[in-house]
Amino acid sequence: MTGTVLLTGACGFVGRQVLRALDERGVQVRVVVREGSRGGLPVLEAIEKVIATPDLFGETADWWAEACKGIDTVIHVAWYAEPGKYLQSARNIDCLAGTLQMAKGAARAKVRRFVGIGTCVEYDLAGGVLSVDTPLRPVTPYAGAKAAAFMALSQWLPSQDVEFAWCRLFYLHGEGEDQRRLVPYLRSKLATGEPANLTSGNQVRDFLDVREAGRLITDIALSRKQGAANICSGIPIKVRQLAEQIADEYGRRDLLAFGARPDDPLEPPSVVGVPSTASG
């Protein structure tokens, strides 16, 4: 059993599920949140302490060294992720800089293990099927900042006797998802009997329920696995098929307006991962 875990992003889409998975394992958790967001935390026995900060990414290495006193493992989930804005946002640079300060503080506090959250779009997406050995080729500030964090920490943390793992997320959906994303958009339209305007839907993607993603991240965090890991299903499915499955719950495939929106010519036709496990 690991010692106390420090978790960032616990009020968010993914972090909330990691917190629940840690609670189910009986792991004690110290949570770092933005001031004013404590109310978004579930009431769980696992939470040992809540530390609030005005800006998680603006804190110094000294601040993080204090926050990490007595911590065994850091799971850093927090990052700027506002739909429609995060891919190109300059705030990714702030998140990168803040993450490096966090890691410096964690190493200074002599944590045993540091687990970060990456993204499948760090990879060169041209191949379609992505393993942890696929070369990196980020093409947005978001992907570039994530890849930079991975490259820097994978080289530096082990030199400080800190184990490092990096969980790359694919296409998640489920509880707590922002209403501007695909699945909540579909459900809101279908529930009210309105047409859902979609692209062709021919893009092939790797979808995974966020609850399962939280469990898989926790598996890796509590293991000895180091390096990159893919958090994905490994199952290719067309966006059209996913939309039809959801529409069938409402008996309203007729509301799916495929082709009402143009396909993005810059989007890869297929993004599917090779899943990683905590043991390999």
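Where a number appears in this text, it was derived from the coordinates with a stated rule and is not lab data. Remember, predicted model here, so these are calculated numbers, not experimental data. Counting neighbours? That spans all protein chains shown, and the Cβs are built from the backbone with ideal geometry, glycine included.
When Rg and Dmax are taken over the Cα atoms of the chain, they come to 19.1, 58 Å.
Report for the chain the percent antiparallel among DSSP-assigned beta bridges with both residues inside it, nearest 5.
On the way: 4 of 43 bridges.
Counting DSSP beta bridges with both partners in the chain, the antiparallel share is about 10 percent.
Take every Cα pair under 8 Å whose residues are at least 6 apart in sequence, average their separation, divide by the length of the chain, and the relative contact order is 19 percent. Given their separation in residues at 0.36 nm each and the Cα-Cα distance between them, Glu267 and Arg112 gain 51.9 nm when the chain is fully extended.
Sticking with the crude label model, points 7 Å out along Cα→Cβ, report the distance from Ser154 to Val132 in nm, one decimal please. The answer from the label model is 0.9 nm.
Find out how many positive minus negative residues lie around Leu157, taking Lys and Arg as positive, Asp and Glu as negative, among other residues whose Cβ is under 13 Å from that of Leu157.
+3
Taking the centroid of alpha carbons for each part, segment 147-167 and segment 1-74 are 20 Å apart. Dipole orientation for segment 73-153: of the candidates Thr134, Gly118, Ala97, Ala97 has the Cα lying most toward the positive pole (charges on Cβ; Lys, Arg +1; Asp, Glu -1).
Let a ≥ b ≥ c be the square roots of the eigenvalues of the Cα gyration tensor of segment 74-143; is it rounded (a/c under 1.5), or, if not, prolate (a/b larger than b/c) or oblate?
oblate
For segment 159-280, the ratio of Cα radius of gyration to the globular rule of thumb 2.2 N^0.38 Å stands at 1.26. Karplus-derived 3J(HN,Hα) values for segment 107-112, using 6.51 cos²θ - 1.76 cosθ + 1.60 with θ = phi - 60°, are 5, 5, 7, 6, 5, 7 Hz; glycine and proline are entered as x. Along the Cα-to-C-beta direction of Glu175, a point sits 7 Å from the Cα; which residues of segment 1-28 have their amide N less than 16 Å from that point? In segment 1-28, the label zone of Glu175 (backbone N under 16 Å from the point 7 Å along Cα→Cβ) covers 10-26. Centroid-to-centroid, using Cα positions, segment 100-128 and segment 240-268 are 34 Å apart.
Karplus-based coupling profile of segment 234-244, in residue order and whole Hz: x, 10, x, 8, 6, 4, 4, 5, 4, 4, 5, with θ = phi - 60° in 6.51 cos²θ - 1.76 cosθ + 1.60 and x standing for Gly or Pro. A Stokes-Einstein calculation at 25 °C with viscosity 0.890 mPa s, built on the Kirkwood radius of segment 203-246 over Cα pairs, returns a diffusion coefficient of 205 µm²/s.
Considering every pair of different Cα atoms, what Kirkwood radius, in Å, is found for segment 30-128?
For segment 30-128, the Kirkwood estimate is 14.9 Å.
What is the sum of charges, Lys and Arg at +1 and Asp and Glu at -1, for the other residues whose Cβ falls under 15 Å from the Cβ of Val204? Summing Lys and Arg as +1 and Asp and Glu as -1 gives -2. In straight-distance terms, cross-link reach from Lys238 covers every one of the aspartates and glutamates whose alpha-carbon lies under 14 Å from its own, apart from those fewer than eight places away in the same chain; here that gives Asp206, Asp263, Glu267. Computed extension gain for Ser279 through Glu212, at 0.36 nm per residue and net of the alpha carbon distance, reaches 22.4 nm.
Summarising the amide proton neighbourhood of Tyr171: residues at separation of 5 or more, or on other chains, whose placed amide H is nearer than 5 Å comprise Asp206, Leu208. So which lysines pass the test for Lys49, namely a Cα distance under 23 Å, with those fewer than 8 places away in the same chain ruled out? Here the lysines satisfying the reach criterion relative to Lys49 are Lys69, Lys104, Lys110. The stretch between Gln241 and Phe258, if pulled fully straight at 0.36 nm per residue, gains 5.0 nm over its current Cα-Cα span. A simple packing score, the average count of other Cβ atoms within 10 Å per residue, orders the peptides 160-166, 75-81 as 75-81, 160-166, with the highest score first.
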